[in-house]
Amino acid sequence: MSDIRHFDVGVDIGGTFTDFVIRNRSSGALRLHKALTTPDDPSRSVIEGVRHLLGEENIVGANINVVVHGTTLITNALIERRGATTALITTEGHRDVLEIGTELRYDSYDLGMDKPDPLVPRPLRFGVRERLDHQGNVLTTLDEGDLSRISAELQEANVASVAVCYLHSFRNNVHEQRTREIIESNLPHVSVSLSSDVAPEIREYQRASTTVANAYVKPLSGRYLKRLEEALQSLGYASELFLMLSSGGISRAEVAAQYPIQLLESGPAGGVLFASFLGKLTNREELVSFDMGGTTAKMAFVAAGTPMLARSFEVARVSRFRLGSGLPVQIPVIEMIEIGAGGGSIAHKDSLGLLKVGPRSAGASPGPASYGFGGEEPTVTDANVVLGYLAPRSFLGGEMRLDVEAARRAIERGIAEPLQMDTISAARGIFDVVNENMVSATKVHMAEKARDPRRASLVAFGGAGPVHAHAIANALDMREVICPLRAGVASALGFLTAPIAFDFARSMTSSFSDLDTDELNTVFSEMENRGATLLSDAGIAPSDVRHERSADMHYIGQGHDVEVPLPSGDFTPENLSDVAERFHASYAKLYGQAHPNVAIEFVTCRVTSSGPDSDLRLPELEAGQKQPSSEALLGTRQVYFAPDGFVDTRIVNRYALRTGNVLVGPAVVEERESTVVIPPSMAGHVDAFGNLVLTRKVDGGPT
Amino acid sequence: MNAWPNDKAAKAIDPVTLEIQWNRLITIMNETDTTLVRTSFSTIVGEGRDFACILVDENGHALSQSTFSSTGFTVMLPRAVRGILEQIPKETLRDGDILLTNDPWLGAGHLPDVIVVKPVFREDTIVAFIATAAHVADIGGRIGYFESRDIFEEGLQIPPCKLVEGGRLNDVVMSIIDRNVRVPDQVIGDLHAIIAAENVGAKRLLEFMDDYNLSTLRDLASEIHSRSEAAMRAAIRAMPDGEWSSSVTTDGYVKPVTIAARVKIDGDSILLDFTGTSPETYEGAINCTLNATLGDCLTALHSTFAPTIPNNEGLFRPVEVIAPEGCILNCRRGVPVRGRSVTSVHSHEAIYAVMAALAPERAQAGSGTFWGIMVNGRDQDGRWVNASLLPNGGKGALHNKDGLATVAFPTNHTITSTEIFENRVPVRMAAKELITDSGGAGRYRGGMGQKLTLISQSDSELSITIRPNNVRFAAPGLLGGHDGPLGHWTLNGAEIEGNHRLLDIKHGDELTCYLPGGGGFYPPEARDRAAVKRDLEEGRISAEAAVRVYKYEH
């Protein structure tokens, strides 16, 4: 059976396009495909695309080994509020936990600041008599009579999904488990999400918010995944569907359907995985993945081929991109910063007479002025057209013409005239401001991780990434810029690099000196056993299973945790001092100074259980001379570079480049979905895999 | 030191460069803020965010601050920097010095708020100051917000001094603090966290200046201040000229306190005159130093006239504030001030009452405001443990929307998680939920308040300090909107008379606080019927209130 299943497929559903990659496992050959997303039923575009690829490869569904899928469905359902009618059951006296929230205003000065409406309206929030203390001891036993009454109300209100979040349930899930039994027996068609299952971590608001978000999207995602799996089976696909998770691991559809909240941001996660994969492939120790599209830019730091993980995330922000204005979810997520800076970001003069860019975006409709779809406000893309970075004729492989005059007019009216600047300075100003927004966010992000951008390479993709990458890398004094080939389907490719993996967390707050090593060992082995079972269910051999442990700890009194990697094996009262040492060392690395005399508090145990890494290889590109072939040169045009102004610049066809080719800046390299800009201060060379690597001329790079 | 430099002498900066550089100054302070939150040791800083980080120019004027800085502090901090420098002249400072004070008159209005200031040197010259104000977990003195009769009962007073001198920690100052506070690990830990955070901020500021090859921030400061001032003046100019008066009466302590405000708009400048306000008092620690008063009333003007402009002191150049010395909004040295915010958080209500009449879209009805709850006790080993909660009532309604439930206003801070709180102190939070009919009625309803029930689980006695608000005088409604209801509180079910108290509670004792909602805007009869119906269905108003107050017919 396995010998005929020699193709892997990655599918990424985005807002506009669905991207496909099919990979021949024996030859390593890759084939790419892009199709318009079908928003009414996204599974349709997936099936049509897979069928198209099967035809191209001249194979049948039974030849596919795995399909790995990522989707924006979950994120969109939360943003557009298209989820199920959901109820929340909490400890009596705490039913408004979602609405009370953090009590912080994310905007200190806007009297009219809005908060996101809770996903559960007040009449569907129920308190139940039950109580645990902070160590998980039962103070009040669960009142099952309350639950019978609530079940009747749930039925009356046509509730499709229920979230349960009791105080301290992460220490003891007995009441939540029993609640599930009762609801399921009373209402067999209602789906139940338990906080002790979805996000067993301390802080009741964040845990409830996560559990509710999970419950809200669970019926919808369950239906979607089932439909998609059936459709794939109808093509002859015999294996299971696998889903890309926000953590960078992949999971079986059956498990993902239980925890759909972990599917948030799977597309962007795939992009970071692809960058990580490239880093490993080409021996780069540290890199920053930089994905700039139409609306946002996303940066992520990667060390030793592994992205960093954050343990929480905020989704569906009501005030765009403002921290604190969204719904918090406590899930493992590849740590990314997202900024409202993309090709469609609109530039304007603010009330202080300053040039601002974004976060408002012209999106795809009306789009930038240069698209000629009726957009009149100046965007980043328009600035890039006026500065000569984007070619009017060859945008999207020539399928779309850009209107230079419309771009110029929009910038003149929107920026140059109000700010009394000339049009070129205004365009350059837009370029600089949007870059600075990305640079400063990256700086803060790197500083928080105690990392130095100067040691890192910038991996640029997304439509606008390679246009802006050189400026970002220069501002951050980074080593080099890597512009990968196939950047247009980076996320789908990234899906094929991910191992099957499951993340587990369990809070067990305790002062370190009172830590019960038996309980600790039990918690870790329970999580690892669960991981091993799930991986075995997914067909992973026990010898290929890896468990990585870590724990969140802080000094007593502190509210924020440091995640510390822990060794495997049993903990004993004797070897706990080693754990303390690891904490002090991690703390000192992050904040400069440890406090060895202050007591430590232990908060949360974590395990990542994963299968083997993928064996994806990238096909190598044919070798060429140092000098690109003559057909690579498309001509020259005037392109603006500070401080020189407009200079005569070579325009190069990316697809005619070969390994070993060197391009000395200034040059503009055009490909179907993006454009690489090489300034006069830099040079690019093409590596074995077709990546275009830009370095500064003075750094001893190629000249 | 206090004088503003001549903006005309400064070199103009183009709008692109200014946008980029100004953003960087905010980014730097956000990074300083993040470092402090992550390394702090107390619930009040780390969980409650009762602190601010701000960048002050070489003349002592505020330039930028972290996004989530507690608002009042951001007004008080630059003034504190200028006050400290009058006592420790700039010329005597050297690289590696960090200054400290908790003087309520120079600083943030009460002793638990410590001010820590780091001069940033570039080639032997001070180019800026990084300043932090943070509410530490304890500062000694008696437990309780209001009972002290003078400043000396309120704890340790630290005059301006060097906490760090040339990079070396001042052990004498540290050990004095260590001996005078109940939870030295938390307080000393937070001071270390502040020092570390300011060092990060200073490093980033110097990197920024390197990036742009700046030897001073003078030109940048001048642009930021003058553009902000111009925007503020333009907004004031859009208002009619004239003079208006209003007053609000607030809980006070033994006696109620009246805040009288005269607002005068003259072209593009505005005068706030608090003449006629109640005198300072020795009966209760509710006196505001001038800094504390300015903290809340300047923030209110910023929100009214220039909400989208990042905070800096240029905004306040068109504003003059008069508060006669000896009144409760400008108290003299010696009077007790610990619970000053019970007074100062109301000053904006007098201002917004005037604004509502002139331009309803620039006003907000009164808010339920925060209550302070601090639990002090001893653990099994006899060591002090404490945790604080700053729960909030509802926010006042606006001319076009309901007030938000349970959100900080006019202050800004987060609530400590119930699970974290229960891990810190032997108290069970039996309830924390919204209260029906707690929002002031109106066409736009005031935000809902909340009920908190705390039950002691401790074998030994616990001291709970409660600082309630709006229990005698309600959050005012505007233009026909009803006032919010009154807050109240009970011990084992019995109403507690009076408004502020230090309670010793035993195992099983049950304390419940009912934090009121905000005031409404416009008369409730005018409320959209669908909105009344929804409120009724959602239990936000009672059936009785729907009929009686909103004249709702089913």
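A few remarks follow.
- Cross-chain or 6+ apart pairs with Cβ under 8 Å, the stretch A:176-191 first and within 23 Å of A:Arg131 (Cβ to Cβ), then of a type in the set (Gly, Ala, Ser) and outside any helix (DSSP H, G or I): A:Glu176/A:Ser169
- Those strands (runs of 3 or more DSSP E) lying entirely in the stretch B:228-288 with at least 1 residues under 19 Å from B:His302 (Cβ atoms), among the charged types (D, E, K, R) and without any contact (Cβ under 8 Å) to a residue 12 or more places away in the chain: none
- Some residue of the stretch A:77-93 being touching a Leu at 6+ places or on another chain (Cβ under 7 Å), farther than 29 Å from A:Leu225 by Cα and either within 8 Å of chain B (Cβ to nearest Cβ) or modelled with pLDDT of 95 or more (or both): yes
- Hey, A:Gly388 within 14 Å of chain B (Cβ to nearest Cβ) and of a type in the set (Gly, Ala, Ser) or not: no
- Cβ-Cβ distances below 9 Å connect the following pairs, each with a first residue in the stretch A:348-359 that is at the interface with another protein chain (Cβ under 7 Å from one of its Cβ atoms), a second residue that is surrounded by 20 or more Cβ atoms within 10 Å (Cβ to Cβ) and basic (Lys, Arg), and a separation of six or more residues or different chains: A:Leu352/B:Arg227; A:Gly353/B:Arg227; A:Leu354/B:Arg227.
Let's see how each residue does on (1) modelled with pLDDT under 95; (2) among the charged types (D, E, K, R); (3) in a loop (DSSP other than H, G, I, E, B):
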residue: B:Ile84; (1), (2), (3): no, no, no
residue: B:Leu100; (1), (2), (3): no, no, no
residue: B:Pro104; (1), (2), (3): no, no, yes
residue: B:Val117; (1), (2), (3): no, no, no
residue: B:Ala128; (1), (2), (3): no, no, no
residue: B:Thr132; (1), (2), (3): no, no, no
residue: B:Val172; (1), (2), (3): no, no, no
residue: B:Ala197; (1), (2), (3): yes, no, no
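- Within the stretch A:297-337, tally of residues that are in contact with a helix residue (DSSP H, G or I) (Cβ under 8 Å, 6 or more places away or on another chain) and in a strand (DSSP E or B): 15
- Top-ranked residue of the stretch A:433-443 - restricted to ones that are at the interface with chain B (Cβ under 8 Å from one of its Cβ atoms) and in contact (Cβ under 8 Å) with a residue 24 or more places away in the chain, ranked as farthest from A:Ala464 (Cα to Cα): A:Lys443
- Residues in the stretch A:99-132 that are part of a loop (DSSP other than H, G, I, E, B), touching a helix residue (DSSP H, G or I) at 6+ places or on another chain (Cβ under 7 Å) and more than 7 Å from chain B (Cβ to nearest Cβ): A:Gly101, A:Pro118, A:Leu119, A:Val120, A:Arg129, A:Glu130.
- Residue pairs whose Cβ atoms lie under 7 Å apart, sitting 6 or more positions apart in sequence or on different chains, and linking a residue in the stretch B:194-220 that is more than 12 Å from chain A (Cβ to nearest Cβ) to a partner that is crowded, with 22+ Cβ neighbours inside 10 Å and at pLDDT below 95, are B:Ile194/B:Leu36; B:Ile194/B:Ala134; B:Glu198/B:Thr32; B:Leu205/B:Ile28.
- Cross-chain or 6+ apart pairs with Cβ under 7 Å, the stretch B:164-179 first and without any contact (Cβ under 8 Å) to a residue 60 or more places away in the chain, then in a loop (DSSP other than H, G, I, E, B): B:Ile177/B:Leu156
- Flag if B:Leu214 is hydrophobic (A, V, I, L, M, F, W, C) and either over 27 Å from the mean Cα position of the chain (by Cα) or at positive phi (or both): yes
- Residue that is surrounded by the most Cβ atoms within 10 Å (Cβ to Cβ) [pool: residues in the stretch B:434-458 that are in contact with a Ser or Thr (Cβ under 9 Å, 6 or more places away or on another chain) and facing chain A (nearest Cβ under 9 Å)]: B:Met448
- Only listed residue being in contact with a Pro (Cβ under 9 Å, 6 or more places away or on another chain), buried (at least 19 other Cβ atoms within 10 Å of the Cβ) and at pLDDT below 90, chosen from A:Ser610, A:Ser614: A:Ser614
- Scan the stretch B:4-46 for residues that are buried (at least 24 other Cβ atoms within 10 Å of the Cβ), touching a helix residue (DSSP H, G or I) at 6+ places or on another chain (Cβ under 6 Å) and touching a residue at least 12 places away in the same chain (Cβ under 8 Å) and the total you get is 9.
- In the stretch A:278-292, of all residues being in contact with a helix residue (DSSP H, G or I) (Cβ under 8 Å, 6 or more places away or on another chain) and not in a strand (DSSP E or B), the one that is surrounded by the fewest Cβ atoms within 10 Å (Cβ to Cβ) corresponds to A:Glu285.
- Which listed residue, of B:Ile415, B:Ile464, is within 17 Å of B:Ala137 (Cβ to Cβ), of a type in the set (A, V, I, L, M, F, W, C) and at the interface with chain A (Cβ under 7 Å from one of its Cβ atoms): B:Ile415
The values are calculated or read from the model by the stated rules, or taken from the named source; none is laboratory data. These numbers were taken from a predicted model, which means no experiment stands behind them. For neighbour counting, all protein chains shown are included, and Cβ atoms are generated from backbone atoms with ideal geometry for every residue, glycine included.
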